[in-house]
Ligand code: ADP
């Protein structure tokens, strides 16, 4: 799919003009900038003609400046300019771009006025040199001139005292260290220059756009502009390996390849910058250049403030293996839960046999009585009819019980349906009723009225209640001072959660054990497995609820879980 549309060769790297349009005072290899320095820019104003004309006709330069400067493209700059304000990607990153990102917003109206004076000679005879706020000079003076032979070109020279030349070179040195560090970090890193789209966002905000999402829906071209205008300027070795290319430099160019398989993530990354967020983390699909589709976690760190060090960092971690392991673990846990259920059913074999036996004995008795009625000289068909429908009823009951046991034992993916917790309590009791009755345990059940439905998996929730009931039965059996009672209670709490509580008359849980009873394999029983409560907890948590254990003030253990009520729809 997306692999076919990715073409490394098609990534433009910003064409360089063949002839130099600005004077070159310094060539590569020079030691540093003079204290008094001049930097040169050659600018193409052809796309800014309508804004220039508007100002020449009397439009307020302050309101038009952003629009005018956004349309002015850099044709060439000298090395001083690159050293003073250039991006990490160097000169070629600047060519063809708008100049707004390189000048503080407060200087835009003055630059706009100078451009209008040079191109449209408005106001007539206006000065072509002005003091200006610059990010690189303390006392910047900007001069502008036009070229008669090439009416779309203007030249800017900007001179003054460099803000802090030494710090500039110190910064370069630290930048080199930083580059080295990035290069060898064991995580895929991309350094991205998004200044142009940043300037576009500032313009949109000034025009009153407050939310990017709806604006992108109405102007899909903005996404194309971001895909083309936001460029990777630096990539490390790890990123090259992740994307399946030979050299990190193969990744330099428009950022669109990162989001080829996850366009929605691209939108969220754009929106987060628009909202001025500091960072964003996303899990998404990533298409590599050698045709792999990976699950990755990407973290984007946005620059602040936007004017100066406008570097966005994207780190990408391949989590394909981790996700696969997690899926395997989930499967394993499901097997484990099922194994626990089957072992629980094993423990309940007597109870279950008893439950099935009841309707079976009723069937036998009723069938024998029927036969007797039939073998009389005057068979009573009405009586036989009555008994036969009782037989059918008992058979149905037996088959329902078998059905439920099968439901517990059979592997099935967790379901989510609306459920009545009181019904689930009833169904769970089916499995333990005999156990309770045969030990003469006094069971008191208070079911809350008009409980809201909950949402979840019937069999899993039955399993939780059966586990808690079995523990309670066992606690009574182990206690010398046991009162043979189990209280069950369902209710709705003040926060609207549906709750289940079970209190037994056993010995309770010792203080030390209270912190561990939900741990896997924690047991105080000779024949215990110690997984019942761990499974109860994982089931309740997966249902968005919580389970807790405590000792009841009147003695015995108290287990309580709560589940969120199902939403109305
Ligand atoms: P098992 O029943 O196999 O030990 P569980 O995870 O169900 O595994 O229970 C863990 C431990 O929690 C038990 O061994 C017991 O010490 C304690 N426990 C559970 N329910 C009760 C209860 N109703 N009364 C006292 N202790 C309990």
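Could you tell me how far the Cα centroid of the stretch 316-371 sits from the Cα centroid of the stretch 203-257, in Å? So the two Cα centres are separated by 52 Å. Extension gain, residue 92-residue 395: 0.36 nm per intervening residue step, less the Cα-Cα distance, totals 100.6 nm.
Note on the stretch 303-364: Kirkwood hydrodynamic radius from all Cα pairs is 17.3 Å, rounded to one decimal.
By the Cα gyration tensor, the stretch 50-128 has an equivalent ellipsoid whose semi-axes, rounded to whole angstrom, run 25, 12, 11 from largest to smallest. Extension gain for the segment residue 353 to residue 322, taken as residue separation times 0.36 nm less the Cα-Cα distance, is 6.7 nm to one decimal. In units of the compact-protein estimate 2.2 N^0.38 Å, the stretch 378-462 shows a Cα radius of gyration of 1.50. Sorted from greatest to least, the principal axis extents spanned by the alpha carbons of the stretch 327-452 come out as 70, 35, 32 Å. Just need log10 I(q)/I(0) for the stretch 475-569 at q = 0.14, 0.25 Å⁻¹, Debye formula, equal scatterers on the alpha-carbon atoms, no solvent, rounded to two decimals. Summing over Cα pairs of the stretch 475-569 leads to -0.58, -1.38. Packing, taken as the mean count of other beta carbons within 10 Å per residue, orders the peptides 220-228, 296-304 from highest to lowest as 296-304, 220-228. Based on every Cα atom in the stretch 205-278, Rg and the maximum pairwise Cα distance Dmax equal 14.3, 45 Å.
If R0 equals 22 Å, the separation of the Cβ atoms of residue 416 and residue 514 corresponds to a calculated FRET efficiency of about 0.10. The stretch between residue 445 and residue 378, if pulled fully straight at 0.36 nm per residue, gains 19.2 nm over its current Cα-Cα span.
Using a Förster radius of 41 Å, what is the FRET efficiency between residue 139 and residue 217 based on their Cβ-Cβ separation? Nearest 0.05, please.
Efficiency at R0 = 41 Å is approximately 0.30.
Percent of Cα pairs in the chain per distance bin of 10 Å, from zero to the largest separation: 3, 13, 17, 14, 11, 10, 10, 9, 7, 4, 2, 1, 0, 0. By the beta-carbon count within 10 Å of each Cβ, the least crowded to most crowded order of 148, 383, fewest first, is 148, 383.
Any chance you could check the Cα centroid distance between the stretch 402-452 and the stretch 123-148 for me, in angstrom? For the stretch 402-452 versus the stretch 123-148, the Cα centre distance is 84 Å. Spatially, the stretch 530-569 and the stretch 99-116 are offset by 65 Å when compared through their Cα centroids.
Each value in this text was obtained by applying a stated rule to the coordinates, not by laboratory testing. As the structure is a computational prediction, the values presented were derived from the model and not from experiment. Because the Cβ atoms are built from the backbone with ideal geometry, glycine has one as well, and the counts that use them run over all protein chains shown.
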